[in-house]
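What follows is a short report on a single structure.
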Amino acid sequence: VVERFLPEHHDDCYWLRTWIFLGDIDVLAVRSASGPVIIADNITSKEFVTPDIPASLRARRRELGFDYGKFDFGMVNGEAVLYDANRTPTHRTLTEDERSWQSGVLAEGLESFLVN
């Protein structure tokens, strides 16, 4: 499938939002770069922000049946544009401290799978 690429752009940089989730726990990172294709080698900034996940992406997650995974997306003209949905997220762009923090936060999502 080929679709038109719609990158998120602010001032003089491009943004990529990465939503990682496990059960009912979410982590959202925003990365920026000077070019529209953002990869580990060209990231100029990275910030973890309060997860404000659009309802359309939450619905897509339910449709795809994801309990754990990562969605890369952008916000373009007020709408979420999904670039990638992955059941096996990697953590290449995270430092060891960030990886440890993120894993600890996501581990809380395991509780949503426990049966009382």
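The values are calculated or read from the model by the stated rules, or taken from the named source; none is laboratory data. Computed from a prediction, not measured in an experiment: that's the story for all the values here. Because the Cβ atoms are built from the backbone with ideal geometry, glycine has one as well, and the counts that use them run over all protein chains shown. Accessible surface areas use protein heavy atoms only, side chains included; no ligands, DNA or RNA. Shrake-Rupley method; radii C 1.70, N 1.55, O 1.52, S 1.80 Å.
Numbers at a glance
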{"quantity": "Residues that are at positive phi and in contact (Cβ under 8 Å) with a residue 60 or more places away in the chain, drawn from the range 7-28", "calculated": "G23"}
{"quantity": "Subset of the range 7-27 [over 14 Å from D67 (Cβ atoms), in a loop (DSSP other than H, G, I, E, B) and of a type outside the set (D, E, K, R)]", "calculated": "P7"}
{"quantity": "Any hit, the range 39-51, residues being open to solvent by 20 Å² or more (accessible area, probe 1.4 Å), in a loop (DSSP other than H, G, I, E, B) and either in contact with a helix residue (DSSP H, G or I) (Cβ under 7 Å, 6 or more places away or on another chain) or of a type in the set (F, W, Y) (or both)", "calculated": "no"}
{"quantity": "R4 out of contact with any strand residue (DSSP E or B) (no Cβ under 6 Å at 6 or more places or on another chain), in a loop (DSSP other than H, G, I, E, B), open to solvent by 40 Å² or more (accessible area, probe 1.4 Å) and touching a residue at least 40 places away in the same chain (Cβ under 8 Å)", "calculated": "no"}
{"quantity": "When residues of the range 61-116 are limited to those that are open to solvent by less than 70 Å² (accessible area, probe 1.4 Å), in a helix (DSSP H, G or I) and in contact (Cβ under 8 Å) with a residue 24 or more places away in the chain, the one farthest from I38 (Cα to Cα)", "calculated": "S112"}
